[in-house]
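Let me begin by presenting the structure, written as structure tokens, before commenting on it.
Just so you know, all these numbers are worked out from the coordinates, no wet-lab data involved. Predicted model, so just to flag it, every value in this text is computed and none were measured. Ideal geometry is used to build each Cβ from the backbone, glycine not excepted, and the neighbour counts take in all protein chains shown.
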Amino acid sequence: MAAPVRVLLSCRWLASRAARLGCRALTSASSSAGGGRSPWQLHSAVCLKRPAVVSQSKSPIQREVEVLLQQMELEGSLYSDHELRLMEDEARLKRKLSNTYDSDEEDEDNEIVMGQDLEDMWEQKSRQFKTAPLVTETDVKNDKSSLNRKLENNLVLLVKEKIGSEEIWMFPQVAWECGETMRQTAERAIANLSDNRIKAHFLGNAPCGFYKYKFPKSVRTEDNTGAKVFFFKALHKSGDLSAIKKGGDYVWVSKDELKDYLKPAYLSEVQRFVIEL
């Protein structure tokens with residue numbers, strides 16, 4: 001546990017340094033011991049999550065516990081008003097069928113709607129109600145660019161970026177600019193990607209993860225070695241990319257599908273904070 005804690009503390013320290021001391025202080029904080037400008041660019045990336053739309057289906061053990069709890073509640077509960085009414089209707093019907101029944105004791109002029117009649121009416125209404133399918137048309141087509149898929153799961157946004165001559169899937173990210181906090185850089189990443197079409201709620205000012213990678217050799221120089229990426233969590237509130245992005249340039253995927261897109265080293269870092277509840 002010590003290593004992740006040290007990484008998180010360093011993330012928070014560098015992010016706070018940017019806000020308090022400005023560009024020069026943050027650059028010097030990440031420079032080498034010999035002085036000079038750091039060859040590593042600072043980036044902010046966003047783990048943008050679309051929360052589950054519906055509750056997940058119960059597992060077999062959960063269904064067994066549910067049935068058991070319902071049975072315990074039924075056995076220990078009092079009769080409801082409707083159950084008492086059914087019992088009164090049954091007693092009234094028995095009196096009518098008995099030889100000692102006296103019609104003067106009850107008001108025959110009023111039409112009586114019995115509890116069983118109400119149950120039959122409710123049953124007819126319930127049959128007319130149709131629930132929306134959990135498997136949508138988007139799921140059938142396997143269109144991963146749509147938000148209307150895997151309604152039981154949390155989804156995160158991945159975009160395809162070109163680094164050198166290679167196209168790589170990653171979380172939306174941009175380079176830090178002088179005068180910004182790392183969170184402001186993360187907010188700009190979403191704004192630039194969606195042309196301000198996506199509204200998101202960021203979860204705090206501190207990064208939730210860190211990753212460092214080198215640029216491809218074709219674009220790598222002594223002064224531009226690679227990027228240090230600080231990840232921020234955000235919840236999707238509204239908006240989509242369908243109007244400004246091609247379907248193959250971005251995907252909304254579940255945690256289990258991340259391995260189909262992300263490189264192993266990148267995946268091992270993001271799996272620490274991408275949680276499926």
- Once you charge only the Cβ atoms, +1 for Lys and Arg and -1 for Asp and Glu, what is the size of the charge dipole of the range 226-277 about its Cα centre, to the nearest 20 debye? 220
- Scan around residue 153 for amide H atoms under 5 Å from its own, H built in the peptide plane at 1.01 Å from N, and keep only partners 5 or more places away or cross-chain. 53
- Item | Distant-in-sequence amide H partners of residue 47 (H built 1.01 Å from N, under 5 Å) | 232, 233, 234
- Between residue 41 and residue 268, with labels modelled 7 Å along Cα→Cβ, what's the label distance in nm to one decimal, could you check? 2.5
- Message: Within a 10 angstrom radius of the beta carbon, how do 44, 194 rank from fewest other beta carbons to most?
- Response: 194, 44
- Each label point is 7 Å from the Cα along the Cα-to-Cβ direction; what then is the distance between the points at residue 243 and residue 79, in nm? 6.1
- Query: Full extension from residue 118 to residue 222: what is 0.36 nm times the residue separation minus their Cα-Cα distance, to one decimal in nm?
  - Reply: 29.3 nm
- Here are some pairs, 58/160; 141/214; 237/263; 141/237; which of them have Cα atoms lying more than 32 Å apart in this structure? 58/160; 141/214
- Compare the Cα positions of 182, 275, 193 along the charge dipole of the range 157-277 (+1 at Cβ of Lys, Arg; -1 at Cβ of Asp, Glu; about the Cα centre) and return the one farthest towards the positive end. 275
- Neighbouring Cβ atoms within 10 Å as the yardstick, rank 149, 197, 92 fewest first. 92, 197, 149
